[in-house]
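Reading through the structure tokens given below for one structure.
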Amino acid sequence: MKSPDGWNGASTGTTFTKQVSDTGEVTVTATDLAGNEGTVSASESKIDKNKPVIASITHSPSDAATETVTITVSASDDLSGIAGYSMNGGTYQSSNQFTVTANGDYNFTVIDSAGNYVVSTHNVGNITVGIKDIENKNPNIYPNPAHSYLRIEIAEPANNVEIYDIYGRIAPLNPPEGGKLPSFGGDGGGTIDISHLANGIYFVKIYTGNGILYRKLVKE
């Protein structure tokens, strides 16, 4: 039998091969040495050139967290199946969940068993960088929610006060009239102008001789 056009094999023989790269129907016409022809077709459906599909990327908890959040990548691949998940170019893993401890953008790669892959970015911005709202009666901040000014009352000397947003970024403070922030060097506390801050949730960090205290603040 003569070798069909486009097929690999001896010029005459009984076995011929052809490499295909797309799904669909493959038809071959074979001719024997006497000139008789025969045609046969076969369907190829196992070739996978499609990327996996990422349906969603979510993280939990989705509100303010004190230490870590878990990111879940939901993806599917109908042909060869999902082979692994990777975060920020790291090693592929079978689990679709990742634990992170810092705010920022995270790049996720999902690869299927045929080597096709897709990349997507997810932002985490609710980790409070270890800031905790300590439950005690000292210090006292008011009004809370606050609009323009925040009064801090503390029974022990405080060395410094800082305010952070929910992304862990320190917020600039406006000094009151006179050009200086309260020193908080003695009992009683002081007042801070927060009128320039955007509305939202903040954390007040108070440095004392006995440690650091935190309070949650709502700015309206």
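The values are calculated or read from the model by the stated rules, or taken from the named source; none is laboratory data. All figures in this text were calculated on a predicted structure; none of them were measured in a lab. Here Cβ is always computed from backbone atoms with ideal geometry, including for glycine, and neighbour counts include all displayed protein chains.
Restricting attention to region 101-114, the residues that are surrounded by fewer than 18 Cβ atoms within 10 Å (Cβ to Cβ) and either among the β-branched types (V, I, T) or not in a loop (DSSP other than H, G, I, E, B) (or both) total 4. Only residues that are under 30 Å from I201 (Cβ atoms), modelled with pLDDT under 95 and surrounded by fewer than 16 Cβ atoms within 10 Å (Cβ to Cβ): list them for region 81-100, please. Residues satisfying the conditions are N88, T99. Reported count of residues in region 54-80, each being aliphatic (A, V, I, L, M), surrounded by 14 or more Cβ atoms within 10 Å (Cβ to Cβ) and more than 23 Å from I127 (Cβ to Cβ), is 2. Filtered by the rule that a residue be on the phi > 0 side of the Ramachandran plot and at pLDDT below 65, region 179-202 gives G179, F184, G188, G189. If only residues of region 143-159 that are assigned to a loop (DSSP other than H, G, I, E, B) and in contact (Cβ under 8 Å) with a residue 40 or more places away in the chain are counted, the one that is surrounded by the most Cβ atoms within 10 Å (Cβ to Cβ) is I154.
Please go through region 70-84 and give me each residue that is among the polar types (S, T, N, Q) and either touching a residue at least 40 places away in the same chain (Cβ under 8 Å) or assigned to a strand (DSSP E or B) (or both), ordered by number.
Selection gives T70, T72, S74, S76.
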